[in-house]
1. Taking the criterion of being in contact with a helix residue (DSSP H, G or I) (Cβ under 9 Å, 6 or more places away or on another chain), under 25 Å from GLY15 (Cβ atoms) and not β-branched (Val, Ile, Thr), would at least one residue in the range 44-51 satisfy it?
2. Could you grab me the full set of residues in the range 114-131 that are of a type outside the set (D, E, K, R), within 17 Å of ASP35 (Cβ to Cβ) and in contact with an Asp or Glu (Cβ under 9 Å, 6 or more places away or on another chain)?
3. Among all residue pairs at least 6 apart or on different chains, which show Cβ distances below 8 Å where the first residue, located in the range 53-72, is closer than 14 Å to VAL105 by Cβ and acidic (Asp, Glu) and the second is surrounded by 20 or more Cβ atoms within 10 Å (Cβ to Cβ) and at pLDDT 95 or above?
4. Would you check if there is a residue in the range 18-39 being under 22 Å from ALA138 (Cα atoms), without any contact (Cβ under 8 Å) to a residue 12 or more places away in the chain and surrounded by fewer than 18 Cβ atoms within 10 Å (Cβ to Cβ)?
5. What pairs come out if I take residues in the range 130-149 that are under 16 Å from TYR116 (Cβ atoms) and pair them with residues that are surrounded by fewer than 15 Cβ atoms within 10 Å (Cβ to Cβ) whose C-beta lies under 6 Å away, six or more apart or interchain?
6. Are any of the residues in the range 106-118 charged (D, E, K, R), closer than 20 Å to THR4 by Cβ and touching a Gly at 6+ places or on another chain (Cβ under 8 Å)?
7. How do the helices (runs of 4 or more DSSP H) wholly within the range 42-149 filter down when requiring 2 or more residues that are of a type in the set (Val, Ile, Thr) and at pLDDT 95 or above: which remain?
8. Do you know which of the residues in the range 79-131 that are hydroxyl-bearing (Ser, Thr, Tyr) and in contact with a Leu (Cβ under 9 Å, 6 or more places away or on another chain) is surrounded by the most Cβ atoms within 10 Å (Cβ to Cβ)?
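The values are calculated or read from the model by the stated rules, or taken from the named source; none is laboratory data. None of these values were measured; they are calculated from a predicted model. Here the Cβ positions follow ideal geometry from the backbone for every residue, glycine too, while neighbour counts run over all protein chains shown.
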Amino acid sequence: MALTNTLALYLADQGVAYDLVPHPRTMPAAPVAADRLAQAVVLRGGDGFMLAVHPASGRIRFEDLRELIGDVDMAGEEQIETLFTDCEPDAVPALGDAYGLAILVDESLAQQPEIYLECGDHDSLVHISGKSFRKLMANARRGRFSGRA
């Protein structure tokens with residue numbers, strides 16, 4: 001299990017306690033756990049790049065998302081790789097502040113008692129309390145833009 005240096009420094013700087021838990025690619029997410037797994041999607045718009053963070057159990061409703069923040073599209077793989085140089089492909093952490101990106105977080109994550117996040121690889125997840133997640137998302141824009149898959 002490995003946590004990127006960027007995330008380790010960020011979490012330490014924010015004073016957030018965390019655990020790393022194994023999460024092999026072949027391990028299916030339980031329905032309840034998927035509600036607590038914060039998935040990050042990198043977006044590209046007129047103001048540059050940002051993260052849309054939503055539960056892994058849902059899908060982004062782009063119509064609702066665009067009403068909140070304007071015209072955006074998903075960023076391309078090459079763009080994502082240049083933003084997250086210390087992460088494996090498709091293992092983008094939901095902590096945009098650590099990478100200098102603005103965040104839009106779906107309100108459905110706000111009341112979860114605990115949150116799991118990608119940590120930059122496909123073997124493990126970062127586990128934090130819901131209180132810590134809300135602290136880390138204090139400056140994020142909020143809205144409802146995710147629905148059940």
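1. For the range 44-51, residues in contact with a helix residue (DSSP H, G or I) (Cβ under 9 Å, 6 or more places away or on another chain), under 25 Å from GLY15 (Cβ atoms) and not β-branched (Val, Ile, Thr): present.
2. LEU125, VAL126, HIS127, ILE128, SER129, GLY130
3. As it stands, the answer is ASP64/PHE145, since those pairs meet every condition given.
4. No - not one qualifying residue is present in the range 18-39.
5. Sorted first by the residue in the range 130-149, then by its partner, the pairs are GLY130/PRO113; GLY130/GLU114.
6. There is no residue in the range 106-118 that is charged (D, E, K, R), closer than 20 Å to THR4 by Cβ and touching a Gly at 6+ places or on another chain (Cβ under 8 Å).
7. Once the helices (runs of 4 or more DSSP H) in the range 42-149 are filtered for at least 2 residues that are of a type in the set (Val, Ile, Thr) and at pLDDT 95 or above, what remains is 77-83.
8. Checking each candidate, the answer is TYR116.
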